[in-house]
Amino acid sequence: MAYQIPSDIRNGLKVEMEGYPWEIVYFQFVKPGKGTAFTRMKFKNLINGRVNEGNYRTGETLEPADIETLEMQYLYNDGENFLFMNQESFEQIPVSQAAMGESKNFLVDEMMCRVIVYKGTPVSVELPTFVELQITYTEPGVRGNTAQGTNKQAILSTGASVGVPLFIDQGEWIRIDTRTGEYVERVKK
Amino acid sequence: MNALSPEGLRQRARVLAAVRAWFADHGYLEVQTPVLVPSPAMEPHLYALPCEDGFLRTSPEFALKRVVSAGLPRVYELGPCFRGRESGLWHGREFAMLEWYRVGAGLDDLMDEVEGIVASAAAALGRTETFSWRRTQVRTLFSEAGIDLATATVSELSSRDSTWDDAFFRRWLDRIEPTLTDPVFVSDWPASQAALAQVRTDGDWPVAQRFEAYLGGVELANAFLELNQREAQELRIAEAAATRTSIGETPHPVDAAFVEAVGRLPTTAGIALGIDRLVAVLCGWPGIEPGRIPVF
């Protein structure tokens, strides 16, 4: 069933346009003084993250995207693909490097993730919003310097690099916001 | 439901007081016309709320024109209007409209008045900057975007619409309106969008003698050089009724007293301004909600 504008429109709706799946991330009623009503929408491309916007007239329709979101656990990287396991069916599916994208920077074994599957193929992976990772290398910490700015680089156990404050030491654990890829706080382990 | 904002209501009251003072200083009479009316509108894309044997008005336009025709040359009304199926950051099905009419005035005079009212309202809110208004035309804005409206076809304006007006408005919303961030008056609209305005046909492109005022990127007001010929008015009503029928809606009933009054209307310019929007834009709010009392 096609989605009717404006009655079916809500944030989070997944629609098919120009050969891509998109998620509605913003919508707003707009009506020029003497014209018909439109709904202004912003769409996030679920494959490449690009954001698009457009105005849709009342009475137009949008096609639902053939997309599902699966809660899956990360198992391991076989050198080519990232393998995830469906927690209900115990089926294992491979996710390509391209589909993992930036998410691989903060991925650790056994992490529960949301795998976005479009027309039967995994196209992206959403990590938990916050993840805790250990620092494998950084310049020695500066004691007494409690400035919160991220003033030096640290290498994480996943191999990714993030900015951290000067007081952080090698071997410590930190919390990362996976939406921005930025340091949040030190974690005591 | 959003929380009621006492500070928002204080700001709103300052604007209302400033607006009423401005009209008193400029020789306008405040009138209160009926909210419950036999005919809610002429324009096909308005959805009125039925109420017993009538409707809640979508604007005070019909009644105010009768007031002007009866011999009051400068009148204004500030009160609630209702439009069904309109709800959003900048729309409410109930909203406050400021509408005024001035016999003998032209559209430039009304632009001057909007500038004065906005300046008074801003001053009442303690804002000290001066607003620099641009005065331009719809066709100029489109030509800046590479389109000549006088010759543009439906498919040149939009690939997804079947009527010229729908294509025009999609293009307007997609490409033109988002650029109107500075205060601007946009005049000379396509003749098909004249509504109750006179049409001028002496140029190379027939245009409605209308303007819209944009403040802070928001459509704030709509002004007409008012149609004042009875036969032309009856034709417009018939065209609007046909459009209503074509989109599957019942035509609005005809207000015979209004039609009769149009034939006696002197040369008059009139304008409707959204008060909720004026307050919100001047206060820098993200929409009209903080100045309203949430009930639904």
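The values are calculated or read from the model by the stated rules, or taken from the named source; none is laboratory data. Keep in mind that what you see is a predicted model, and the values were worked out from it rather than measured. In this analysis, Cβ positions are derived from the backbone assuming ideal geometry, glycine residues included, and neighbour counts consider all displayed protein chains. Ligands, DNA and RNA are stripped out before the accessible areas are found, and what is left, the full protein with its side chains, is counted by its heavy atoms. Shrake-Rupley method; radii C 1.70, N 1.55, O 1.52, S 1.80 Å.
FRET efficiency for the residue B:204 to residue B:179 pair, using the beta carbon distance and R₀ = 22 Å, is estimated at 0.35.
Among the residues of region A:37-58, which ones have their accessible area go down by 40 Å² or more when all the protein chains sit together, as opposed to their chain alone (1.4 Å probe)? The answer is A:38, A:40, A:55, A:57 - residues whose exposure falls by at least 40 Å² when every protein chain is included. Couplings for region B:255-271, taken from phi via the Karplus curve 6.51 cos²θ - 1.76 cosθ + 1.60 with θ = phi - 60°, read 8, 5, 5, 5, 4, 5, 5, 4, x, 10, 6, x, 4, 9, 10, x, 8 Hz in order; Gly and Pro are left as x. Computed extension length for residue B:245-residue B:130: 36.8 nm, one decimal, from 0.36 nm per residue of separation with the Cα-Cα distance subtracted.
Solvent-accessible area per residue in chain B equals 44 Å², computed with a 1.4 angstrom probe and all protein chains kept.
As a calculated quantity, the FRET efficiency between residue A:68 and residue A:129 at R0 = 25 Å, using C-beta atoms, amounts to about 0.75.
Among the lysines, select those whose C-alpha is under 17 Å from the C-alpha of residue A:42, and discard any that sit fewer than 8 residues away in the same chain. Here the lysines satisfying the reach criterion relative to residue A:42 are A:14, A:31. Rounded to the nearest Hz, the phi-derived 3J(HN,Hα) couplings of region B:150-167 under the Karplus curve 6.51 cos²θ - 1.76 cosθ + 1.60 (θ = phi - 60°) are 5, 10, 5, 8, 3, 6, 6, 7, 6, 8, 10, 10, 9, 10, 4, 5, 4, 5, where x marks glycine and proline.
Which value, in debye to the nearest 20, gives the size of the charge dipole of region B:20-91 about its Cα centre, when Lys and Arg are +1 and Asp and Glu are -1 at the Cβ? List each step's numbers first, then the result.
On the way: 7 positive and 8 negative charges, 21 e Å.
Using Cβ point charges on Lys, Arg, Asp and Glu, region B:20-91 gives about 100 debye.
For residue A:51, the solvent-accessible surface computed with a 1.4 Å probe is close to 90 Å², ligands and nucleic acids excluded. The label-point distance for residue A:89 and residue A:157, in a model that sets each label 7 Å from Cα toward Cβ, rounds to 3.1 nm.
Using a/c under 1.5 as the rounded threshold, could you call chain B rounded, prolate or oblate? The axes a ≥ b ≥ c are square roots of the C-alpha gyration tensor eigenvalues, and prolate needs a/b larger than b/c, oblate otherwise. Note, shape of chain B comes out rounded. Rounded to the nearest whole Hz, the Karplus-based 3J(HN,Hα) values (6.51 cos²θ - 1.76 cosθ + 1.60, θ = phi - 60°) of region B:66-73 follow the sequence 5, 5, 5, 4, 7, x, 9, x, with x at glycine and proline.
Among the GluC sites (Glu not before Pro) in region B:1-55, those located in a DSSP loop and surrounded by at most 14 other Cβ atoms within 10 Å of their own Cβ are B:52.
Would you tell me the mean number of C-beta atoms belonging to other protein chains that fall within 10 Å of each C-beta in B:165-172, as a whole number?
Working: counts 4, 6, 1, 2, 11, 9, 1, 4.
Mean inter-chain Cβ contacts per residue within 10 Å come to 5.
The B and A chains share an interface that buries close to 1800 Å² of accessible area, total over both sides, probe 1.4 Å. Placing +1 on each Lys and Arg Cβ and -1 on each Asp and Glu Cβ, with no other charges, gives the protein assembly as shown a dipole about its Cα centre of roughly 1080 debye. The GluC sites (Glu not before Pro) of region A:63-102 that meet both conditions, a loop assignment by DSSP and at most 15 other Cβ atoms within 10 Å of the site Cβ, are A:80, A:88, A:91. Taken per residue, the accessible surface of chain A reaches 53 Å², heavy atoms only and a 1.4 Å probe. Ordering A:62, A:120, A:108 by the projection of their Cα atoms onto the charge dipole of region A:10-155, which places +1 on the Cβ of Lys and Arg and -1 on the Cβ of Asp and Glu, puts A:62 at the extreme positive end.
In region A:1-41, what trypsin sites (Lys or Arg not before Pro) fall in a loop by DSSP, with at most 10 other Cβ atoms inside 10 Å?
Numbers: sites: A:10, A:14, A:34, A:40; in loops: A:10, A:34.
Qualifying residues, ordered by number: A:10.
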